[in-house]
Amino acid sequence: MKKFDEIFVALDQVGVVVPEEDSLELGKNMKEIFDIPDAGCADGGVSRHPNSTYRGQELKEGPAVHMQFFDKFGVQLEYLSPVEGDSAWMDYTKKVGRGIHHIRFNVSSHEDAIAYMAEKGIPVYQSGESIRGGGVKFAYFDSYDKLGFYIETLNLEEVARKNK
């Protein structure tokens, strides 16, 4: 089995789940407090991730989530507001309310990341195709009880290597 540092190549995002009714005000505060220029902010609108799974079950239609992105110090800060459907975001909203939901790692292999986490006793919670397209996939791992937050992976490194 590969080591963590061979698969998880960079920490690139911190995700915060917030109720939809709070998301615009919190996004405005994020921009103002962290002094993020307009070029470093994006409202991704409401999206559904194709070919999604939730707790091992395939979903006919991915859950709807409103996303906002803020870039600072080479790390993306993301606000996620669940809109509808079964998802790790909706579960978090019901369980915790709002707060830091996950940290995301760019990984060298989607399948190696899944195998590594499974070996550590941490199953996939939710997965799907990224809204970026081009073969980019994400996975959330059910690490909350062990770490106090979820781990997300995105296989940007793997896709970039394949596209060379």
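The table below gives the values:
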| quantity | calculated |
| --- | --- |
| Subset tally (residues that are of a type in the set (A, V, I, L, M), under 16 Å from Gln13 (Cβ atoms) and surrounded by fewer than 20 Cβ atoms within 10 Å (Cβ to Cβ)) for the range 54-75 | 2 |
| Set Leu80, Leu26: member being in contact with a Phe, Trp or Tyr (Cβ under 9 Å, 6 or more places away or on another chain) and within 24 Å of Ser127 (Cβ to Cβ) | Leu80 |
| Residues (open to solvent by 10 Å² or more (accessible area, probe 1.4 Å), part of a helix (DSSP H, G or I) and of a type outside the set (D, E, K, R)) located in the range 115-129 | Ala115, Tyr116, Ala118 |
| Checking Asn51 against (1) at pLDDT 95 or above; (2) outside any strand (DSSP E or B); (3) open to solvent by 40 Å² or more (accessible area, probe 1.4 Å), the condition it does not meet | (1) |
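Residue-by-condition table, conditions (1) over 13 Å from Thr153 (Cβ atoms); (2) open to solvent by less than 30 Å² (accessible area, probe 1.4 Å); (3) assigned to a loop (DSSP other than H, G, I, E, B):
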position: Leu77; (1), (2), (3): yes, no, no
position: His102; (1), (2), (3): no, yes, no
position: Ala113; (1), (2), (3): no, yes, no
position: Ile131; (1), (2), (3): yes, no, yes
position: Gly135; (1), (2), (3): yes, no, yes
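Each row is one residue, and each column tells you yes or no for (1) free of Cβ contacts under 8 Å to residues at least 24 places away in the same chain; (2) within 27 Å of Met117 (Cα to Cα); (3) part of a loop (DSSP other than H, G, I, E, B).
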position	(1), (2), (3)
Lys28	yes, no, no
Asp86	no, yes, yes
Asp91	yes, yes, no
Lys94	yes, yes, no
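The values are calculated or read from the model by the stated rules, or taken from the named source; none is laboratory data. A quick note: this is a predicted structure, and the numbers were derived from the prediction, not measured. Positions of Cβ are backbone-derived with ideal geometry, glycine not excepted, and every protein chain shown enters the neighbour counts. Surface areas here come from the heavy atoms of the whole protein model, side chains and all, with no ligands, DNA or RNA. Shrake-Rupley method; radii C 1.70, N 1.55, O 1.52, S 1.80 Å.
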